[in-house]
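Here's the structure we're looking at; comments come further down.
The values are calculated or read from the model by the stated rules, or taken from the named source; none is laboratory data. Not measured: the values here are computed from a predicted model. Cβ: placed from backbone, ideal geometry, glycine included. Neighbour counts: every protein chain shown.
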Amino acid sequence: MTTMTMPASRSRTDTWLLVLMLWHGLLAVAGLVAVYVAFTGINGGLRFAVAGVLLVLALLSATTVPLIHRRDHRGRSISLVVNYLGFLTCTALLLDMIGAFTGIDDLAQRFGRGLPFLLISFVGYFIRSFGDRFEQFPQRQRSFQRVGNIIMLAGLLLFVLAIINFSGIPALASEILQPVRMALLLGLILFGVMFWAMWRQPVAEVMGVNNARSETLSGYLFLSPNFLGFLLFFAGPLLLSLYTSFTNWDAFGTRDWVGLENYARLLHMTFAQLSSPTQLATEVINTSIFDELFRFSILGKSFIVGAQDKLFWLSIRNTVVFCLIAVPLSVIPALLVGTILNSKLPGMKFFRAVYFIPSVAAVVGVSLIWQWMYNAAVGWINYAITSGIGAVNGLTGLAIADPQMRWLSSADTALLSVALMVAWQTIGFNTVLFVAGMQNIPKVLYEAATVDGAGTWAQFRNVTLPLLGPTTVFVLTTTLIQAFQVFEPIFIMTNPPGGPNNSTLSMVLYLYQNGFQRFRQGYASAIAWVLFLVIFAATVIQFRRQRGGAYEA
Amino acid sequence: MNRRLIFVFSSLLLVASMLLSACAPAATPAPAAPAATEAPAATEAPAVEQPTEAPAMEEVALRWRTRPDNQEEADVYASISDELDAKLEGITLSYEPGGSESSSYQDVLKTEIGAGTAPDVFWIPGSDVGDFAKRGLILNLADQASMTDGFNIDDFYAGPMAALTHNPDTNAEGADSGALWGLPRDVSTFVLYLNNDLLAEAGATDPRELAAKGEWTWDAFLETAQKVRALGSDIYGYGANAWWGPYGTWMNAAGGGFYNADQTACNLNSPESLAGLQFEQDIYQVHDVAVPYGEDSEPPYRAGKVAMFQNGRWATPGTRTVEFDWDVVELPQGPAGDAGNWQFWGAYAVNANTAHPEEAWKLAQALTEADVQAKISSMGANIPSRVSQEAIDAFLTFTPPANNQAFINGLQDNAVAEGPLWAGSWPDFVSVMDARVSALMTGQETIDQFAATICDEAGKAFSQ
């Protein structure tokens, strides 16, 4: 019987491999045609990207044919990758064309209706699992399993009935019964079948796949959702924004290539000497192009600096100032609080939780509350200051003037006010990181330091701080990146966002305003890439400093 | 039963049901035509006879959106949507309220337009109409309007209709301009919300009496504000929020304005505009009678610490809950002889990519019918955009405030219609103007410094 089956099975495998070779040959030809279509049919630089990807896939497919013919395991790997990507692409395009993605909102609403029935399924699962306790009584175990299965299935069916929309059946049919969509459906099926054919164990054996190679492929398959997600939703948009930064795209029309024009406009500055410090800018710089950025005096001479995009440079200045305020305020107190919370005093666990609460609160809610507290007329902070000064004056007979702070409406204090709020919200998270870092420091070092006569401060300075080096660098880096990207608190707390007089205009807010309010997505993308370079440079410097001086645990 | 079989069966069933739910007609937004790759010419006639995907008698699903000011208003819009759904034959409506504390209505809408998922009909502020029209994001409805029996642009206030019929290619306006970018949802004007208790405590003459006698001028306003301010360091005579609306009225009242007569250049440095700004700066910096510029004035007004709070009709529903005696009065008259009020408005526009332009036009008309506007006005948030004594009479009955007439007087007092900047970029212009006025009002700049460079800076918006 075995001798009869083996040749038949082998023959089927060979047939499948022949079909796969033909399939990949066909794909290679179709791919090359698609390259031509993409290159001639898509405008702008995007055609290079699309045509490039298609060309790579076509060449990979062509390479697969001889490799399969030689029964080379690499042919199987490439074939699986090509078919897998083809299957996913067809599926995604088809779902998009039939409007499945835009209907997800409605699905989410329907999903809520079915949730109670899912509980029934959980009960069924619980009953089924409960049956496993009766391994010594197989009949009883089977009964439990059977009942559990029935309840699970019933729950699932009820759930499906609750969420399903039967009017979707004719809608789906009418959506699919169109030439392009039918072609995608056919592609989806063919790619799926070819993937399955190549994945099968008999084909794998013929292609010389051993266990190690098989496990490697399985590993990549498991990794693929995350990896493809990374490519699609992170790397893809990243590259698209880079491309967009070289165009004048307004988010609606075509992307016309403008080269470095956006970057040139961002960085275009002028510089001139003034005859007097108060000389009008219009007399020395071309104000039809430049706006005055700042003036300075050196060696008795006055100068003026102008920029084509003044707001961009203001946003850089504000962002850097914000970082200089917010980062130390978020890190130094966190280190001190972390030191206290790391002690063995009673109630420390409670306080660790308390300090962490602001970190889990929503930024929007927190910003609105702080905006209210900062209100110059009816805010609690000014109320406390006024009451405090009144009490001090009453008790001492002094006449200390009430400063009547205009926290968010004065250009002198608005950025500081936002930075204080951000620091307040960030301290808790940083504290937890510091506490975790401190708990990793070997206790024996403190014991040795104590024996050597080191006091609390000496221990903190010579043991805790150096050993917290890696944690500190991590905390500094993440806080700095977060500070460079500040947006929500400024957007919500200041009126108008970025005010007063652009004193809180951050780089991300300026990017947002350009992209979404002034119809300049290309320009906004250029700002985003400058911001990326600034953050990247700051991070590299920090890591280099850590490598140079920090203690390696 | 085999576990694997159960798993496979369940998974397939679940996926299939989700797919069907996601593809069901109710869930699917009105199919839009492929996104436009280039902005069509402004005068390009819309495809009136554009074939729709569905047969004529088949039900057409339309989505529409407007920004309600509160939940009650959102509920009214939802009920109006249901009523129109029943009334409009062959059209199924779906209303979506837009905007929230953390998401700007306009920004979300623009993103959706870019993604091709925006509703068929949506409301936009008057100042945005130009940008939307120039970029081909909204449909020119002139041809549909010309074929609609009984449609007359004179049924609406002239200010909004001038902007909505502006043809950017010919600069023509009016019924024969060949352009119609939408229909106005409502109009509104500024008034001063009064805290009568504070005014009485300060011994100030009632502004309503002064207005009735024609004596409500800038000087009278300042005197009133100073009397109230003298009540205490945390009591203010005047409050307004920091945006172009309030400071624009001072400029308008002095005979100035943002642009020149044909709206092709900056006018912020004209003597009249500067006179208005100088008066406002003095309110903050010299007389110190106002809630600090840039602070939200609504909380202190609601807390009973501001005597005169400048705001529009949209603030009425919220003010009805305050615990002091309140009413409204017209803005004071400036040197130019009027109050320089704005005529705020927003319009229902039709998505340029809608698959159903004719039905969308019907919906825009239905949403601006007198009875629909009356229902929304009853919430107290706005004034009907139709010029009709009946609509005004209905509006006047929705009290408090007792002096609703102040809003109507604002409309008739040479109000300047909030207008799109056809010759430039409004977002660019307003961002420069807001920041510089903020510097002026907070004392960072003098009026001379402002005048020296403001139009060099803001004028660049006209080349955008």
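Looking only at segment A:522-539, how many residues end up being buried (at least 24 other Cβ atoms within 10 Å of the Cβ) and either in contact with a Pro (Cβ under 7 Å, 6 or more places away or on another chain) or not small (Gly, Ala, Ser) (or both)?
Residues meeting the conditions: 2.
Residues that are surrounded by fewer than 18 Cβ atoms within 10 Å (Cβ to Cβ), aromatic (Phe, Trp, Tyr) and at pLDDT 90 or above: find the helices (runs of 4 or more DSSP H) completely inside segment A:169-257 holding 2 or more of those.
Because the criterion is at least 2 residues that are surrounded by fewer than 18 Cβ atoms within 10 Å (Cβ to Cβ), aromatic (Phe, Trp, Tyr) and at pLDDT 90 or above, the helices (runs of 4 or more DSSP H) in segment A:169-257 that meet it are A:211-230.
Do you know which of the residues in segment A:146-163 that are without any contact (Cβ under 8 Å) to a residue 40 or more places away in the chain and among the β-branched types (Val, Ile, Thr) is nearest to the other protein chains (Cβ to nearest Cβ)?
The extreme case among them is A:150.
Can you find a residue that is more than 14 Å from chain A (Cβ to nearest Cβ) and either buried (at least 19 other Cβ atoms within 10 Å of the Cβ) or closer than 30 Å to residue B:422 by Cα (or both) anywhere in segment B:225-242?
Yes, some residue in segment B:225-242 is more than 14 Å from chain A (Cβ to nearest Cβ) and either buried (at least 19 other Cβ atoms within 10 Å of the Cβ) or closer than 30 Å to residue B:422 by Cα (or both).
Inside segment A:429-529, counting only helices (runs of 4 or more DSSP H) that do not spill past its ends, which hold 1 or more residues that are farther than 19 Å from residue A:341 by Cα?
By residue number, A:443-451, A:469-484, A:488-493, A:507-512.
Look through A:518, A:544 and report the one residue that is within 18 Å of residue A:481 (Cα to Cα) and basic (Lys, Arg). Before you say what the answer is, go through the steps one by one.
Numbers: A:518 fails: within 18 Å of residue A:481 (Cα to Cα).
So the residue among A:518, A:544 that is within 18 Å of residue A:481 (Cα to Cα) and basic (Lys, Arg) is A:544.
Which of the residues spanning segment A:477-521 are at the interface with chain B (Cβ under 10 Å from one of its Cβ atoms) and in contact with a Gly (Cβ under 7 Å, 6 or more places away or on another chain)?
A:495, A:499, A:500, A:505, A:521
Can you work out which of the residues in segment A:99-126 that are of a type in the set (A, V, I, L, M), within 14 Å of another protein chain (Cβ to nearest Cβ) and in a helix (DSSP H, G or I) is surrounded by the most Cβ atoms within 10 Å (Cβ to Cβ)? Please lay out each step first, then the result.
Residues of segment A:99-126 that are of a type in the set (A, V, I, L, M), as a first pass: A:100, A:104, A:107-108, A:115, A:118-120, A:123.
Still in the running and within 14 Å of another protein chain (Cβ to nearest Cβ): A:100, A:104, A:107-108, A:115, A:118, A:120.
Adding the requirement that they be in a helix (DSSP H, G or I) leaves A:104, A:107-108, A:115, A:118, A:120.
On the way: A:104: 15, A:107: 21, A:108: 13, A:115: 11, A:118: 16, A:120: 18.
Ranking the candidates gives A:107 first.
I need the full set of residues from segment A:79-98 which are crowded, with 20+ Cβ neighbours inside 10 Å and either assigned to a loop (DSSP other than H, G, I, E, B) or within 11 Å of chain B (Cβ to nearest Cβ) (or both), in order please.
A:94, A:98
Is at least one residue of segment B:82-101 within 12 Å of chain A (Cβ to nearest Cβ), touching a residue at least 40 places away in the same chain (Cβ under 8 Å) and under 30 Å from residue A:489 (Cβ atoms)?
no
Looking at segment A:370-402, which of its residues are of a type in the set (Val, Ile, Thr), surrounded by 15 or more Cβ atoms within 10 Å (Cβ to Cβ) and free of Cβ contacts under 8 Å to residues at least 12 places away in the same chain? Spell out the reasoning first.
Within segment A:370-402, the subset of a type in the set (Val, Ile, Thr) is A:378, A:381, A:385-386, A:389, A:392, A:396, A:400.
Subset that is surrounded by 15 or more Cβ atoms within 10 Å (Cβ to Cβ): A:378, A:381, A:385-386, A:389.
The answer is A:378, and nothing else.
Can you pull out the residues in segment B:369-391 that are out of contact with any strand residue (DSSP E or B) (no Cβ under 6 Å at 6 or more places or on another chain), hydrophobic (A, V, I, L, M, F, W, C) and buried (at least 18 other Cβ atoms within 10 Å of the Cβ)?
Within segment B:369-391, B:372, B:376, B:379, B:381 meet the criteria.
Taking the criterion of being within 14 Å of chain A (Cβ to nearest Cβ) and crowded, with 23+ Cβ neighbours inside 10 Å, would at least one residue in segment B:343-352 satisfy it?
Taking segment B:343-352 first, the residues within 14 Å of chain A (Cβ to nearest Cβ) are B:351-352.
Checking the rest, the ones that are also crowded, with 23+ Cβ neighbours inside 10 Å come to B:351-352.
So far as segment B:343-352 goes, yes, one or more of its residues are within 14 Å of chain A (Cβ to nearest Cβ) and crowded, with 23+ Cβ neighbours inside 10 Å.
Scan (1) closer than 26 Å to residue A:511 by Cα; (2) of a type in the set (A, V, I, L, M); (3) out of contact with any helix residue (DSSP H, G or I) (no Cβ under 7 Å at 6 or more places or on another chain) for the single condition residue A:293 breaks and write down its number.
(3)
With the condition being within 13 Å of chain A (Cβ to nearest Cβ) and closer than 25 Å to residue A:374 by Cα, I'd like the helices (runs of 4 or more DSSP H) fully within segment B:259-329 carrying at least 2 qualifying residues. Show your work before the answer.
Values: elements: B:271-285, B:298-302, B:316-319.
Those helices (runs of 4 or more DSSP H) span B:271-285, B:298-302.
Test each condition in (1) touching a residue at least 24 places away in the same chain (Cβ under 8 Å); (2) not in a loop (DSSP other than H, G, I, E, B) for residue A:410 and report the one that comes out false.
Failed condition: (2).
Looking only at segment B:217-237, how many residues end up being modelled with pLDDT under 95 and in contact with a Ser or Thr (Cβ under 9 Å, 6 or more places away or on another chain)?
Number satisfying all stated conditions: 2.
Tell me which residues, restricted to segment B:168-186, are closer than 22 Å to residue B:123 by Cβ and touching a residue at least 60 places away in the same chain (Cβ under 8 Å).
Hits for segment B:168-186 are B:168, B:179, B:181, B:182, B:183, B:184, B:185, B:186.
Scan (1) within 14 Å of chain B (Cβ to nearest Cβ); (2) touching a Ser or Thr at 6+ places or on another chain (Cβ under 7 Å) for the single condition residue A:206 breaks and write down its number.
(1)
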